Structures are given as C-alpha cells and as structure tokens.
Amino acid sequence: MYITVIAFDDLHGQKPLVLNGIVKLVKEPENKYDDEAIACEMRYFGKIGYVSNSIQTVIRGTMSAGRLYDKISDEYFAKIQFIKGKNVIAKVLSIEELTEEIKDEESDVHYLCEDLSKVELKGE
C-alpha cells in the first residue's frame, strides 16, 4: 500500500524528507478539519504533514487517509519511496517489513513509538 504525504510548507528551513526515511502515521480522530486525519511524524522533526485525503492532492495509485484509516492501528509506520517537492509517496510497511525495522536497533521506529506492541496492520 502506498500513500501520499503532503508535507508542511514551512519546516523552518529543515529538510526532514529523505528517501527510505521512516514516517510514523498517527490517527487524529479529534482533528477539527477531518475526522479521518492521519498525521505524519519523523524523528528529530515531529509532525511534518499529513496523509493526503483530498482528490486534488492524492497521487494516482496511492491511498487516501480515508482508505487507510481502518487498515492501521492508531500509530503505524511507512517508508518514504519518492519525493517531489513537498509531495511524498511512502510505502506503508507490511508486518514483515516492520518486524525487520524493529530488529534494527538504530531504526527510527524505536525513537518514534513508545510501545511497539500496540502497532498493527489490520487485515494481514
């Protein structure tokens, strides 16, 4: 599964978006603009944007936040595959891929999530 991440315009000159960078996906059910909002966070930077949920911004072939929302736990992970400006395509990690990331003690998943036992991909 691939998603479109729309990064914020102003990240104070910082460049958090890197190929193969780990992005934590965090559901925001109390978001006042979108009850299916999924925030994107990265190590060292915090919140860098959102999974796109608009037909104007979802890149063809990727899932919107609304389509992804019920497929992941409240927190999950994706890996950046393509970057063009502030538009990013990230691959939602399979359970096997996430397991491999967890085995790597240097992986950002360890810095982005306090309790990895609560992370799950539903329907797998």
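Every number here is computed from the coordinates shown, using simple stated rules; none is lab data. Source: prediction; values computed, not measured. Ideal geometry is used to build each Cβ from the backbone, glycine not excepted, and the neighbour counts take in all protein chains shown.
Structural remarks
- From the list SER52, SER107, the one residue that fits, being out of contact with any Phe, Trp or Tyr (no Cβ under 8 Å at 6 or more places or on another chain) and either of a type in the set (A, V, I, L, M) or surrounded by fewer than 18 Cβ atoms within 10 Å (Cβ to Cβ) (or both), is SER107.
- All of (1) among the aliphatic types (A, V, I, L, M); (2) under 11 Å from ILE3 (Cβ atoms); (3) surrounded by fewer than 19 Cβ atoms within 10 Å (Cβ to Cβ) hold for ILE95 with one exception: (2).
- Scope segment 27-46; condition surrounded by 14 or more Cβ atoms within 10 Å (Cβ to Cβ), within 18 Å of CYS113 (Cβ to Cβ) and in contact (Cβ under 8 Å) with a residue 12 or more places away in the chain; matching residues: LYS27, ILE38, ALA39, CYS40, GLU41, MET42, ARG43, PHE45
- ASP70 meets all of the listed conditions (1) free of Cβ contacts under 8 Å to residues at least 60 places away in the same chain; (2) surrounded by 15 or more Cβ atoms within 10 Å (Cβ to Cβ); (3) touching a Lys or Arg at 6+ places or on another chain (Cβ under 8 Å) but one, namely (2).
Every residue, every condition in (1) within 22 Å of LYS122 (Cα to Cα); (2) out of contact with any helix residue (DSSP H, G or I) (no Cβ under 8 Å at 6 or more places or on another chain), yes or no:
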site: THR4; (1), (2): yes, yes
site: ASN53; (1), (2): yes, no
site: ARG60; (1), (2): no, yes
site: ALA78; (1), (2): yes, yes
